[in-house]
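The values are calculated or read from the model by the stated rules, or taken from the named source; none is laboratory data. Note that the structure is a prediction, hence the values are computed from the model and not measured. Here the Cβ positions follow ideal geometry from the backbone for every residue, glycine too, while neighbour counts run over all protein chains shown.
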Amino acid sequence: MTMRLRANRGQGSGFQIPALGASFCIVLIPAVLTFLAAFTDWDGLSPPRWVGLDNFRELADDRSFWHALTNNIQWMVIFLTIPMGIALVASAILRENSRRNAAFQTIFLLPYVISPVANALVWQNIMLDPVAGLAAFVRRHFFSFPDPLSTPSIALYTVAGVDVWHFWGYLAVVFTAAMRQIPSSQLEAAEIEGASGWQIFRFVTIPGIMPTIRLMFVITTIFSFLTFDYIYLMTAGGPGRSTEMLSTYAYALAFSTFEVGKAAAISLVMGFFGLLASLIYVRMSVGERR
């Protein structure tokens, strides 16, 4: 019996080798190379030259970097509040209407599963086009307003709105699944005690799904600093760098001015914020278990 268990364990370990090999080649090696490149002066073609912390010193004096970081922080604040709030309310409504739960979850999730390229092109060329789109129709027949994607003061919020539309359904489905795990006895007890719907939501539902909320906060924070697709597809960081993110700025440095070392340094800064969010989540989880 013992020999058989050892054989099964050895066979299971063998099945893990391809996945570990793929992770090593696709994740670990590029991560290490990016870390090393951040301390070099490299154009992507010639041999890299070690410069130590010079790239980070340049970033400290780079106004474009600080502007992109500020935009990333604004983006993070938007996504930690608006889609979270919409998703929580939608999930609470879905829980009250369990018969149509699956249909509504499918509808909510549709924007998330559609390709970001398709979503961005539809919004850019059909909804927000200043000449032939829905925005142009509203402007001609109802009231005038500035072009959402060409006005620096609102361009970032316009793209964020499109991404919120794409993202909140995913959060709603996750929160709905978490709410199903709350014991029905807790909800029934609150109703018997005369608690209102808002009180049940605040004092029973929210505490019951708090671990999931924390996890989504961490994932959303990480995604906020990695965001690239909708920004690049809809504005490419413009107009006038008003929608520039760390990711689009790093991309421009690496492939336009060939400052790969500086772009890698920005990537490390992005990774630092994701790591910080993960550490906070782990610390909170450990504290909760105690």
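Here are some conditions: (1) buried (at least 17 other Cβ atoms within 10 Å of the Cβ); (2) under 14 Å from the mean Cα position of the chain (by Cα); (3) not aliphatic (A, V, I, L, M). PHE228 meets all but one. Which one does it not meet?
(1)
For residues in segment 151-187 being outside any helix (DSSP H, G or I) and more than 25 Å from THR227 (Cβ to Cβ), which is farthest from the chain's Cα centre (by Cα)?
The first filter runs over segment 151-187 and keeps only residues outside any helix (DSSP H, G or I), leaving 151, 181-183.
After this cut, where a residue has to be more than 25 Å from THR227 (Cβ to Cβ) as well, the list is 181-183.
Working: GLN181: 25, ILE182: 26, PRO183: 30 Å.
Restricting to residues being outside any helix (DSSP H, G or I) and more than 25 Å from THR227 (Cβ to Cβ), the top hit is PRO183.
For residues in segment 37-80 being among the aliphatic types (A, V, I, L, M) and more than 11 Å from ALA265 (Cβ to Cβ), which is farthest from the chain's Cα centre (by Cα)?
Step one: list which residues in segment 37-80 are among the aliphatic types (A, V, I, L, M), which gives 37-38, 45, 51, 53, 59-60, 68-69, 73, 76-78, 80.
Now drop any that are not more than 11 Å from ALA265 (Cβ to Cβ), which leaves 45, 68-69, 73, 76-78, 80.
Numbers: LEU45: 32, ALA68: 16, LEU69: 15, ILE73: 12, MET76: 8, VAL77: 11, ILE78: 11, LEU80: 10 Å.
Looking at residues that are among the aliphatic types (A, V, I, L, M) and more than 11 Å from ALA265 (Cβ to Cβ), I get LEU45.
List the residue pairs whose Cβ atoms are under 7 Å apart, where the first residue sits in segment 108-129 and is closer than 20 Å to ILE86 by Cα, the second is part of a helix (DSSP H, G or I) and aromatic (Phe, Trp, Tyr), and the two are 6 or more positions apart or on different chains.
Listed by first residue and then by second, the contacts come to LEU109/TYR170; PRO111/TRP165; TYR112/PHE167; TYR112/TYR170.
Can you name every residue in segment 161-188 that is exposed (fewer than 15 other Cβ atoms within 10 Å of the Cβ) and either hydroxyl-bearing (Ser, Thr, Tyr) or modelled with pLDDT of 95 or more (or both)?
SER184, SER185
Condition first: part of a helix (DSSP H, G or I), in contact with a helix residue (DSSP H, G or I) (Cβ under 8 Å, 6 or more places away or on another chain) and closer than 30 Å to LEU94 by Cα. Can you find one or more residues in segment 230-252 that meet it?
yes
Just to check your reading of the model, which residue among ALA250, ALA277, ALA265 is free of Cβ contacts under 8 Å to residues at least 24 places away in the same chain and under 26 Å from ALA37 (Cβ atoms)? Write out each step before concluding.
On the way: ALA277 fails: free of Cβ contacts under 8 Å to residues at least 24 places away in the same chain; ALA265 fails: free of Cβ contacts under 8 Å to residues at least 24 places away in the same chain.
None of the other options fit; the residue is ALA250.
Take MET284 and tell me if it is touching a Lys or Arg at 6+ places or on another chain (Cβ under 7 Å), surrounded by 13 or more Cβ atoms within 10 Å (Cβ to Cβ) and over 30 Å from THR151 (Cα atoms).
Details: touching a Lys or Arg at 6+ places or on another chain (Cβ under 7 Å): yes; surrounded by 13 or more Cβ atoms within 10 Å (Cβ to Cβ): yes; over 30 Å from THR151 (Cα atoms): yes.
Against the criterion (touching a Lys or Arg at 6+ places or on another chain (Cβ under 7 Å), surrounded by 13 or more Cβ atoms within 10 Å (Cβ to Cβ) and over 30 Å from THR151 (Cα atoms)), MET284 qualifies.
Can you pull out the residues in segment 48-78 that are touching a strand residue (DSSP E or B) at 6+ places or on another chain (Cβ under 9 Å), in a helix (DSSP H, G or I) and touching a residue at least 40 places away in the same chain (Cβ under 8 Å)?
ASN55
Listed here are the residues, each with its yes/no results for (1) part of a loop (DSSP other than H, G, I, E, B); (2) of a type outside the set (S, T, N, Q); (3) modelled with pLDDT of 95 or more; (4) surrounded by 11 or more Cβ atoms within 10 Å (Cβ to Cβ).
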{"residue": "LEU28", "(1), (2), (3), (4)": "no, yes, no, yes"}
{"residue": "ALA31", "(1), (2), (3), (4)": "no, yes, no, yes"}
{"residue": "PHE35", "(1), (2), (3), (4)": "no, yes, no, yes"}
{"residue": "LEU45", "(1), (2), (3), (4)": "yes, yes, no, no"}
{"residue": "LEU80", "(1), (2), (3), (4)": "no, yes, no, yes"}
{"residue": "VAL89", "(1), (2), (3), (4)": "no, yes, no, yes"}
{"residue": "ALA120", "(1), (2), (3), (4)": "no, yes, no, yes"}
{"residue": "ASP129", "(1), (2), (3), (4)": "yes, yes, no, yes"}
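Do you know which residues across segment 1-26 are modelled with pLDDT of 75 or more, more than 26 Å from MET270 (Cβ to Cβ) and β-branched (Val, Ile, Thr)?
The answer is ILE17, and nothing else.
Could you go through segment 257-271 and let me know if any residue there is aromatic (Phe, Trp, Tyr), modelled with pLDDT under 95 and part of a helix (DSSP H, G or I). Even if it seems obvious, please write down each step before you answer.
Pass one, segment 257-271, residues aromatic (Phe, Trp, Tyr): 258.
Subsequent filtering for residues that are modelled with pLDDT under 95 retains 258.
Right, trim to part of a helix (DSSP H, G or I) and you get none.
No, because not a single residue in segment 257-271 is aromatic (Phe, Trp, Tyr), modelled with pLDDT under 95 and part of a helix (DSSP H, G or I).
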